[in-house]
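Okay, so here's the structure we're looking at.
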Amino acid sequence: MTAKQLSPEIEARIQQLWPRFPPQNAAKALCIPVLYLAQQQFGMVDDEVVDLVAKRLDLPAAHVRGTATFYTMFNKKAVGRFHLQICTNIGCQITGAYGVFDRCKKRLAVDNHGTTEDGNVTLSEVECLAACGFGPVAQIAERGKPDIPLYFENLDLERIDQILDALAEGRVPTELGS
């Protein structure tokens, strides 16, 4: 088995970012961006990726692991092509997030953090997507795409069905009916 290595593109990005930070803090400041880049390359941040990033940044593995496990944006195991996250924090909860989340579970036939049999969609309940005034809120990221995930606000059962239909067709919707 070959050990994982960061791609030349990621190495170039690290070299580009490093000088932007004070020398005494650069490695710690780069921990989150490098974990994010590594996740794009490997699809997740498992123990091997944690060790790789720790070695590359010359940081203790415990520091990198603590960072990777603290932030929900890092996937500890492989996710489907589309990662659908539904916020159920209080702002979204009081506007119907659990109804939306339950609809997703039923339609996708998965539980929280489950992936559909075809590997297309992973569903995750998350605590906050930072759009508290527009709940319920969903975020969708597509594996291997460096773009910022798309947000969908003011969800109801009809709108989440439109999203699920689009994902089943292999695409992220760009517009939803009102």
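The values are calculated or read from the model by the stated rules, or taken from the named source; none is laboratory data. Small disclaimer: the values here were computed from a predicted structure and weren't measured. Here the Cβ is made from the backbone with ideal geometry for all residues, glycine too, and neighbour counts use every protein chain on show.
Points to keep in mind about this one:
Residues are listed down the side, and each one gets a yes or a no for (1) charged (D, E, K, R); (2) farther than 26 Å from Gln41 by Cβ; (3) in contact with a Leu (Cβ under 9 Å, 6 or more places away or on another chain):
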residue	(1), (2), (3)
Tyr98	no, yes, no
His113	no, no, yes
Asp118	yes, no, no
Ala131	no, yes, no
Ala138	no, no, yes
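So that you can scan it fast, the table gives a plain yes or no per residue for (1) out of contact with any strand residue (DSSP E or B) (no Cβ under 6 Å at 6 or more places or on another chain); (2) within 30 Å of Asp51 (Cα to Cα); (3) among the polar types (S, T, N, Q); (4) part of a loop (DSSP other than H, G, I, E, B):
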residue: Met73; (1), (2), (3), (4): yes, yes, no, yes
residue: Tyr98; (1), (2), (3), (4): yes, no, no, no
residue: Arg107; (1), (2), (3), (4): yes, no, no, no
residue: Leu129; (1), (2), (3), (4): no, yes, no, yes
residue: Pro136; (1), (2), (3), (4): yes, no, no, yes
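- For the stretch 92-129, a tally of residues being farther than 17 Å from Phe152 by Cβ and in contact (Cβ under 8 Å) with a residue 60 or more places away in the chain returns 0.
- With respect to the conditions (1) touching a helix residue (DSSP H, G or I) at 6+ places or on another chain (Cβ under 7 Å); (2) surrounded by 15 or more Cβ atoms within 10 Å (Cβ to Cβ), Asp111 lacks only one, and its number is (2).
- Out of Glu127, Glu48, one residue alone is within 17 Å of the chain's Cα centre (by Cα) and of a type in the set (Asp, Glu). It is Glu127.
- Residue satisfying condition, being touching a helix residue (DSSP H, G or I) at 6+ places or on another chain (Cβ under 8 Å) and of a type in the set (S, T, N, Q), within set Thr72, Thr67: Thr67
- Yes/no for Thr95 being assigned by TED's automatic domain parsing to the domain that holds Leu150 and either under 16 Å from the mean Cα position of the chain (by Cα) or under 18 Å from Val172 (Cβ atoms) (or both): no
- The stretch 40-95, subset more than 25 Å from Val110 (Cβ to Cβ) and polar (S, T, N, Q), residue modelled with the lowest pLDDT: Gln41
- Whichever residue in the stretch 38-95 is buried (at least 18 other Cβ atoms within 10 Å of the Cβ) and small (Gly, Ala, Ser) and, among such residues, is nearest to Ala131 (Cα to Cα): Gly91
- Among residues of the stretch 131-150, those that are at pLDDT 90 or above and touching a helix residue (DSSP H, G or I) at 6+ places or on another chain (Cβ under 9 Å), counted: 5
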